[in-house]
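What follows is calculated from the coordinates using simple rules that are stated; it is not laboratory data. A quick note: this is a predicted structure, and the numbers were derived from the prediction, not measured. Backbone-built Cβ (ideal geometry, glycine too); neighbour counts: all protein chains shown.
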Amino acid sequence: MKDLFITHCFSTPIANTKFSFNCSYLAHLAYRLKELNPTGRNISNRSGWQSLNLELFDKELKSFELELTKTINVYWKNACNGKNILTLDNMWFNINPTSSYNVLHLHPNCKVSGAYYVQVPKDSGRIVFEHPVSSFEYDWTDKDFISESPITCSLWAYEPEENLCMFFPSWIKHGVETNKSNRDRISISFNYS
């Protein structure tokens, strides 16, 4: 048999890393901002709360942004073959109480987006990514494969945990499953260009 060379074309680099920020403090800050602006904004969140864009007035938020920017640029260069330095466009808090979720969506006009998990009760909802090829489900079904993998399924989910930070190309559709716990799930979302 001749050598078989395999290239994974059009892959989607989804990355994660652990940080060690003070999640209790950040959760307190999210609730304080919600008290100041109870309506927040509603883009992809259903029955939850999203803050307006965060100003980096807070020392912990500023430290988070500096560490995040360094990490995002390593990802951008190594995983995406990016050549320019990316900078933060915006970031915001999400508070997802029981029964809330985020619909599938993407972040236009950005390069890299992501989420940092501040408070993650058990069963509070996984982040889900939709396969980027719209024709994927026409011919490939679960019964065709030995096991499920990011290559062989139409949706792929990751279980978040406190202090985990995930980032991905802004063009991939993603959402958050329903929070089935009796506690709030809190995250910080962000965009880079």
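Using the alpha-carbon atoms, what tilt in degrees (0 to 90, nearest 10) does helix 59-78 show relative to the longest principal axis of the chain?
10 degrees
For the Cα atoms of the chain, what angle does the longest principal axis make with the long axis of helix 23-36, in degrees from 0 to 90, nearest 10?
60 degrees
Test of understanding: given the chain, find the longest segment containing no trypsin sites (Lys or Arg not before Pro) that are in a DSSP loop and have at most 11 other Cβ atoms within 10 Å.
Between exposed loop sites, the widest span is 3-82.
I need the chymotrypsin sites (Phe, Trp or Tyr not before Pro) found in the range 9-42, filtered to DSSP loop residues with at most 16 other beta carbons within 10 Å of theirs.
Details: sites: Phe10, Phe19, Phe21, Tyr25, Tyr31; in loops: Phe10, Phe19, Phe21.
Sites meeting the loop and neighbour criteria: Phe10, Phe19.
Under a 5 Å amide H to amide H cut-off, with H placed in plane at 1.01 Å, what residues pair with Gly48 once short-range neighbours are removed?
Here Tyr101 satisfy the definition.
Roughly what would the spin-label model give for Leu155 and Asn84, points 7 Å off Cα along C-beta, in nm?
3.5 nm
Which value, in debye to the nearest 20, describes the size of the charge dipole of the chain about its Cα centre when Lys and Arg Cβ atoms bear +1, Asp and Glu Cβ atoms bear -1, and nothing else is charged? Don't skip to the answer; put the middle values down first.
On the way: 19 positive and 20 negative charges, 83 e Å.
Magnitude of the dipole: close to 400 debye.
Give the Debye-formula value of log10 I(q)/I(0) at each listed q (0.08, 0.10, 0.13, 0.15 Å⁻¹), with one equal scatterer per alpha carbon of the chain, two decimals each.
-0.28, -0.44, -0.72, -0.94
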